[in-house]
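Structure first, commentary second.
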Amino acid sequence: MDEIGPIELGSFPIAVYGVMFAATVAGQFLGFGIDRLAGQHAMWVPAACSVVLEAGAGARFATSRVERALTVGDWGRLSAYYSAALALFTVPLALWTAASRSPQSPLGGRDPSVLVALALGILVVWTLLRWGLLTVAAPRRT
């Protein structure tokens, strides 16, 4: 019987994305805790914690699962695929949430195209930031 190899997405085992998502959730909780202790309600704290943890966990796990030296381009592809997967799942949720808000809410009265452009800009910045963090956090093979 033939052995089935690992399922891959963008030359990385799918498990790498699972580890990154778990680190994202853990980073969100850590960020909410830090935010709460500081008495703030800033969205950037949980977001920053999640991107740092997902990059660290993703870099270490990917390095242990891929049997070759990874390049800067590999880390960029991992970051891009991960961002695309997150967008695939979070954009419908965000649209549903925005549609359910009243027109008086902070996001309710805005032009949807402005919100989409803002979201795409944030996605690009986060992808580039994660790419850099993955590259820096990756353990070096000896």
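Brief remarks follow.
- Gain upon complete extension [residue 64, residue 48; 0.36 nm per residue less C-alpha separation]: 3.3 nm
- Taken one residue at a time, the phi angles of segment 64-74 give Karplus couplings (6.51, -1.76, 1.60, θ = phi - 60°) of 6, 9, 9, 8, 9, 5, 8, 9, 4, x, 4 Hz. Gly and Pro are set to x.
- A Förster radius of 25 Å combined with the Cβ-Cβ distance from residue 140 to residue 32 puts the calculated FRET efficiency at roughly 0.15.
- Long-range HN-HN contacts of residue 70 with modeled amide H, under 5 Å: none
- Vicinal HN-Hα couplings computed from phi for segment 119-127 (Karplus, 6.51 cos²θ - 1.76 cosθ + 1.60; Hz; Gly/Pro x): 5, 5, x, 5, 4, 5, 4, 5, 5
- Evaluated at q = 0.15, 0.23, 0.26 Å⁻¹, the base-10 log of the normalised Debye intensity for segment 22-68, with identical point scatterers placed on the Cα atoms, takes the values -0.41, -0.70, -0.81.
No value in this document is a laboratory result; all are computed from the given coordinates. Just so we're clear, the structure is a prediction, and the values are computed from it rather than from any experiment. Backbone-built Cβ (ideal geometry, glycine too); neighbour counts: all protein chains shown.
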